[in-house]
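Structure in structure tokens, see below.
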Amino acid sequence: MNFIKIIASMFFLIIVTIKPQTKITLDEAIKIALQKNTSLNQAKNNIISQESALKSAYGNLFPSLSVQGSWNWEKTQQAGSTRFFNGIPFIIPPTTSETKSFFAGLSSDVILFDGLANIENIDLSKNNLNSIKLFVEYLKQQIALNTIVKYYMVLTQKELLKVREENLKKQRITYQLIEERNRLGAATMADLYQQQVELGNAELQLINQSLEVEKAQNDLVIFLGLDISGNYEFDDESIERISFDQIKNLEENFDDIQSRISEAYNNRLDYKSKLLELKSSLNSVNIARAGHLPTVVGSVGFSTFSNKLNDLFDSKSYSVGLRINFPIFSNFNVSNRIQLAEIQSLNKQLEINELERKIRQEITQTYKAFLSAKKSLSVSEKNVKAAEERLRIEQEKYNIGSGRLLDLQIANAAFVVAQTDFVNSQFNYLIISEQIKFYLGILDISKFDLKGE
């Protein structure tokens, strides 16, 4: 027993003295998670990529403009020779010739008609951009919910640690009482040994619960992207002040849950994002079909050339052109692109149907769990009161010598179990309440969302 006490003392000494603690509330934890989450930051980068794609799509509506220029220099050296004409020799001396040429041009092309593929491409880029933005907001809600759940798990384990600490104090008091009674001859050695075992178990349970607290905190620290070697205190007084009556009033937010399932389709950001993906796939179908239509491209050009730089603009050339391309047979390539785009659109519709079923299932199951948690909360509160009263009676009976130690230990164990169930029921109720909000699409994270981040 003394060895267990030494281990427990060393354990708590290590926890307290490693580093100064940094207190993090629930709101602060959510803000940290929204700033450091890797998946969220990657999704934000995808927004930048889609904004660039939309800019490029608009750019296809404008004429292209290009400038050309060239300069050539050529030097020719010809050796001298002797040629005969009618038997008379003529000497041709060596010659050297040198030529220079300058050229400058300006050209522009504009797509006048491409089967409206350029317009559809703009709509596609818009839908993709808005879809990703909605998905980012949905991802923020998901990260906030995960943070809330993990934070509540830490608070749950800390409350259970208080239960174990309280139990250890009671076991020590009981042990001291039995030890004194045994010294006076009013208690047997069997009772003393039995209480020593109970005290040792209480100390061991406290150590194990301390490890559970540390495990839950480490899980939250890793999720938040914080330094695992840091010393953090996760505590939020606003949560601890929630009373049982306040918790029961939370159910008023979820009245008529079946009618709110239909509202979830309008609130769920992942569902809205998926609808925009479907619209994008329809845009892709229209773009593919535009391959059967003619393409009309207009062009204008200007050029000038000269052998001398100063005379460059003396000679000029202007051009205006119209180019029409009407596809007659494209080796079924256009038909293949249309088929692929249509299949992709059908698959997107199937994904939406599956998501609708998933949303209904999530809300229905979570609401049932919510009702179960509500009942469990009510029952566990009554169990705590009943177990506490029974423990009081057994303690009084044992104190006056009319009760057995075994009955007292059974009553105390039942009280610890009742307290544990009540703590778990409280936080389980709060977690499920937040999960329902998330599945209904009404989990508000606006106060945590830093737009500049």
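Please go through the stretch 364-395 and pick out each residue that is charged (D, E, K, R) and closer than 17 Å to Asn167 by Cα. If you could, list the steps in order and put the result at the bottom.
At the first step, the residues of the stretch 364-395 found to be charged (D, E, K, R) are 368, 374-375, 381-382, 385, 388-390, 392, 394.
The answer is Lys385, Glu388, Glu389, Arg390, Arg392, Glu394.
What are the residues in the stretch 77-125 that are at pLDDT 80 or above, of a type in the set (A, V, I, L, M, F, W, C) and out of contact with any strand residue (DSSP E or B) (no Cβ under 7 Å at 6 or more places or on another chain), if any?
Passing the criteria: Leu116, Ala117, Ile119, Ile122, Leu124.
Sort out for me the strands (runs of 3 or more DSSP E) sitting completely within the stretch 67-117 that have 1 or more residues that are farther than 30 Å from Arg289 by Cα and among the charged types (D, E, K, R). Write out each step before concluding.
Values: elements: 81-85, 88-92, 95-113.
Strands (runs of 3 or more DSSP E) meeting the threshold: 81-85, 95-113.
Please pick out the residue among Glu356, Glu351 that is outside any loop (DSSP other than H, G, I, E, B) and either among the basic types (Lys, Arg) or surrounded by fewer than 16 Cβ atoms within 10 Å (Cβ to Cβ) (or both).
Exactly one of Glu356, Glu351 is outside any loop (DSSP other than H, G, I, E, B) and either among the basic types (Lys, Arg) or surrounded by fewer than 16 Cβ atoms within 10 Å (Cβ to Cβ) (or both), namely Glu351.
If you don't mind, another one. Do you know which of the residues in the stretch 63-88 that are within 30 Å of Val300 (Cα to Cα) and of a type in the set (S, T, N, Q) is surrounded by the most Cβ atoms within 10 Å (Cβ to Cβ)?
Ser64
Just need a number here: residues in the stretch 89-112 that are more than 13 Å from Ala79 (Cβ to Cβ) and surrounded by 10 or more Cβ atoms within 10 Å (Cβ to Cβ).
14
So, one more: Answer yes or no: is there a residue in the stretch 122-131 that is buried (at least 19 other Cβ atoms within 10 Å of the Cβ), under 30 Å from Gln217 (Cα atoms) and touching a residue at least 60 places away in the same chain (Cβ under 8 Å).
Taking every residue of the stretch 122-131 in turn, none turns out to be buried (at least 19 other Cβ atoms within 10 Å of the Cβ), under 30 Å from Gln217 (Cα atoms) and touching a residue at least 60 places away in the same chain (Cβ under 8 Å).
Something else now. Restricting attention to the stretch 178-199, report how many residues are under 13 Å from Asn399 (Cα atoms), at pLDDT 85 or above and crowded, with 18+ Cβ neighbours inside 10 Å.
1
Restricting to the stretch 300-340, name every residue that is in a helix (DSSP H, G or I), modelled with pLDDT of 90 or more and among the polar types (S, T, N, Q).
Selection gives Asn333, Ser335, Asn336, Gln339.
Continuing with this model, one more query. Within the stretch 428-440, can one find any residue that is among the small types (Gly, Ala, Ser), under 48 Å from the mean Cα position of the chain (by Cα) and at pLDDT 90 or above?
The answer is no; no qualifying residue exists.
The values are calculated or read from the model by the stated rules, or taken from the named source; none is laboratory data. Just so it is clear, the model here is predicted, and its values are computed rather than measured. A quick note on method: Cβ atoms are made from the backbone with ideal geometry, for glycine too, and the neighbour counts reach across all protein chains shown.
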